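Heads up: the structure comes next, in structure tokens.
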Amino acid sequence: MTVRIAMWSGPRNISTAMMRSFENRPDTAVVDEPFYAAYLRETGLDHPMRDAVLTSQPTDRDAVILSLTGPAPDGAAVFYQKHMTHHMPADADLAWTARCRNAFLIREPEPVLASYSVKREAVTLADIGFERQAELFDRECDRLGQAPPVVEGRDVLAAPRTMLTRLCEALQIPFSDSMLAWPAGPRDSDGVWAPAWYDAVERSTGFAPPVTESRPALAGHLQAIADAARPHYERLAVHRLRL
């Protein structure tokens, strides 16, 4: 039976590097932000490469759900699904997530906004997914009766082997050394939007050494968004897997 892992993150985290890590396992297939086109169609938002995204994926959520809950690509034993929390509107059907082992990847809002605003100047609290991530987390807590796995991106960078081992244990799959390094370059599994967002990860061959991540100075409107996002971040951070 295929183990389906739904990893819930916001943008400008190490979400694509985590996808690389899992894809490098010999037993794993991955999918990159499968609800992105549906989200753009529903919201009408102008994102980089919008037209290309809309033509590259199903825009019907039911069709996406069928692809996530049907046979895994190539019959893989593990099916890793990289999801953006803000792609899931309040009225989205989430029943399918009960067929997955759900986990949550977090990063402090200040560095998220500092990075995101370089790629896309117009940004709102909803765009970075913190509030929705907390809602999805609470929903999964209620379903399980306990907190699902939460992993902090900087902890993974600081100790990849330790943190990936703990994440795999929490997901009830074996850790593989193959998760620690991968060949540089693009992947066929990358979303069509990769040229706009994945320049750093395409150069990577593993998890980059961490930098000291003090809270960057933000313009006033960005700091206001960070302040609104922080309680949602801290809601999850208290449950993160520890070094």
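Some points to look at:
- Just one residue in the set Pro149, Pro210, Pro195 is touching a residue at least 40 places away in the same chain (Cβ under 8 Å), open to solvent by less than 40 Å² (accessible area, probe 1.4 Å) and more than 19 Å from Ala226 (Cβ to Cβ); that residue is Pro149.
- Only residues that are within 23 Å of Phe137 (Cα to Cα) and surrounded by 15 or more Cβ atoms within 10 Å (Cβ to Cβ) were counted across the range 213-227, and they come to 2.
- Single match in Arg132, Arg61 (criterion: modelled with pLDDT of 95 or more, under 23 Å from Arg12 (Cβ atoms) and among the basic types (Lys, Arg)): Arg132
- Qualifying residue in the range 161-175 (condition: within 29 Å of Ala126 (Cα to Cα) and either free of Cβ contacts under 8 Å to residues at least 40 places away in the same chain or open to solvent by 40 Å² or more (accessible area, probe 1.4 Å) (or both)): yes
- Taking the conditions (1) assigned to a helix (DSSP H, G or I); (2) open to solvent by 20 Å² or more (accessible area, probe 1.4 Å); (3) within 28 Å of Pro160 (Cβ to Cβ); (4) of a type outside the set (D, E, K, R) in turn, Ala134 satisfies each one other than (2).
- Residue check for Asp190: modelled with pLDDT of 95 or more, farther than 30 Å from Asp51 by Cβ and of a type outside the set (Gly, Ala, Ser): no
The values are calculated or read from the model by the stated rules, or taken from the named source; none is laboratory data. Small disclaimer: the values here were computed from a predicted structure and weren't measured. Reconstructed Cβ throughout: ideal geometry from the backbone, glycine too, with neighbour counts over all protein chains shown. We work out accessible area using only protein heavy atoms, side chains counted, and drop any ligands, DNA or RNA first. Shrake-Rupley method; radii C 1.70, N 1.55, O 1.52, S 1.80 Å.
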